[in-house]
Amino acid sequence: MSFSIHNIPFGIFSIKKQKKRLATIINNQVVDLYAVAELGYFDDLKIKKSVFRQDFLNDFIALGKEKTNAVRKRLQEILSDTQNFSPLMPLTPSRSGVTVFYDAKAVDLHLPIKIGDYTDFYSSEQHATNVGMMFRDPANALLSNWKHIPVGYHGRASSIFVSGQNFHRPKGQINASDSTLPIFSATKRLDIELEMATIIGKNNAIGHAIDVNEAEDSVFGFTLFNDWSARDIQRWEYVPLGPFLAKNFFSSMSPWVVTIEALEPFRVPAEVQNPEVLPYLKEKNRQNFDITLEVFLKPEHTEGVKICHSNFKNMYWTVAQQIAHHTVNGCNLNIGDVMASGTISGKEHDSFGSLLELTWGGKKPISLPDGSTRTFLEDGDTITIKGFAEKNGICIDFGEVQTTVLPAH
Ligand code: CA
């Protein structure tokens, strides 16, 4: 799998501590979009060159879909033109002494978005069912609101970091049972959540709801997302207002934003909702995206193993419904806001998107190739989430988001 001409995702890179620039990637070569702009390839699109020399994609996204799609289309034209920008060209200055291509291994990739607000949903029925079965009542796993509301909470934007940035095991209040007193400790139940992040590409004014059938116009694209979770801290703190310190210590995002336009060939019908939803959530054409998602766990000194195989299409609530619900009260979304999907679990046991579910609350440990086992993560463990879509010879790769757990301070 690699980044094909069909993809053309957007990201932010730098080389040798120089100023950050916008980039795309093709066949594992990073393309400097400021250099492409300097060579005049975007001149007729009437975009200021400085837009391509920024720390984040936000100003580029703010140009609007007409311009950003034109840039993507232009890149597809020139990158498939072997006379000019062939990705097969050696990594030497191309023309006018301007370097356009860099080996992906030679550059630093950065958080692509200046994230204003971050919302996390809870939109996979299997995930919500699994958690409900473990924590509440197996016979009534879903709470009464779940099939009527795309349940979500406001998370923290400041602690979202790009792939490759690691974090120290968080500490907090833990209380194993309601009849004891809490202790202060490093978490003993550090977990992952396999998610996708929607990057908002359009502002809506305060007081103006977004129609569910127009909601995808507000989506710039998607990244892979790991919503790190401390289950023991979560268990004690989440009543009655929901997750707080169990979630906001760190979240990880992949560096390349894949546009919603690149995913057109991978639309699939979303499951029919029963009971019927309220009119503001009713879609004329309910669709999800068929994107294979994989999670790998690698201990510090031995080889890793795939622990989960899921798919973005396992969503009961679509991205359009999430946006419509988020704004139905007049809440204003801004360019660069992140809306995470919630843990994406499928029906099969190996498609569960968290260790909480994969080990069923820590009762069924996972076996690793070196003979050791895991219920929750140990220090030195590295988690890699990968994502890709493939159909009729078209491949859209999301790359990966990789993070290592460091010991508590
Ligand atoms: Ca989550």
Looking for something part of a helix (DSSP H, G or I) and under 30 Å from ASN145 (Cβ atoms) - is there at least one such residue anywhere in the range 256-274? yes
For the range 357-364, state whether one or more residues are in the same structural domain as VAL305 (by TED's automatic domain parsing) and within 16 Å of the ligand (Cβ to nearest atom). yes
Quickly run through the range 55-80 and pick out the residues that are in contact (Cβ under 8 Å) with a residue 40 or more places away in the chain and assigned to a helix (DSSP H, G or I). ASN58, PHE60, ILE61, LYS65, THR68, ASN69, ARG72, LEU75, GLN76, ILE78, LEU79
Please tell me if SER254 is under 26 Å from ILE61 (Cα atoms), in contact (Cβ under 8 Å) with a residue 40 or more places away in the chain, surrounded by 18 or more Cβ atoms within 10 Å (Cβ to Cβ) and within 19 Å of the chain's Cα centre (by Cα). yes
Taking the options VAL257, VAL239, name whichever one is modelled with pLDDT of 95 or more, away from the ligand (no atom under 16 Å from the Cβ) and either of a type outside the set (Gly, Ala, Ser) or in contact with a Pro (Cβ under 7 Å, 6 or more places away or on another chain) (or both). VAL257
Any residue at all in the range 298-314 that's closer than 30 Å to GLY64 by Cβ and either crowded, with 19+ Cβ neighbours inside 10 Å or within 16 Å of the ligand (Cβ to nearest atom) (or both)? yes
In the range 94-127, which residues are within 21 Å of TRP256 (Cα to Cα) and more than 15 Å from the chain's Cα centre (by Cα)? THR99, VAL100, PHE101, TYR102, ASP103, ALA104, LYS105, ALA106, VAL107, ASP108, LEU109, GLY116
Strands (runs of 3 or more DSSP E) completely within the range 138-229 that count 3 or more residues being buried (at least 21 other Cβ atoms within 10 Å of the Cβ): 194-200, 219-226
Limited to the range 1-25, what total is found for residues that are surrounded by fewer than 24 Cβ atoms within 10 Å (Cβ to Cβ) and in a loop (DSSP other than H, G, I, E, B)? 11
Would you check which residues across the range 329-345 are small (Gly, Ala, Ser), within 16 Å of the ligand (Cβ to nearest atom) and touching a helix residue (DSSP H, G or I) at 6+ places or on another chain (Cβ under 8 Å) and list them? SER341, GLY342, SER345
Could you identify the single residue in THR327, THR259, THR318 that is of a type outside the set (Gly, Ala, Ser), in contact (Cβ under 8 Å) with a residue 24 or more places away in the chain, crowded, with 21+ Cβ neighbours inside 10 Å and closer than 27 Å to ASP55 by Cβ? THR259
Looking at ASN213, ASN145, ASN226, can you tell me which residue is at pLDDT 95 or above and within 16 Å of the ligand (Cβ to nearest atom)? ASN226
What number of residues within the range 358-409 are in a strand (DSSP E or B) and touching a residue at least 12 places away in the same chain (Cβ under 8 Å)? 25
Residues in the range 105-112: is at least one within 25 Å of SER310 (Cβ to Cβ), in contact (Cβ under 8 Å) with a residue 60 or more places away in the chain and out of contact with any Pro (no Cβ under 9 Å at 6 or more places or on another chain)? no
For the range 114-129, enumerate the residues that are within 13 Å of the ligand (Cβ to nearest atom) and assigned to a helix (DSSP H, G or I). HIS127, ALA128
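The values are calculated or read from the model by the stated rules, or taken from the named source; none is laboratory data. Every value quoted in this text rests on a predicted model; they were computed, and no experiment measured them. For neighbour counting, all protein chains shown are included, and Cβ atoms are generated from backbone atoms with ideal geometry for every residue, glycine included.
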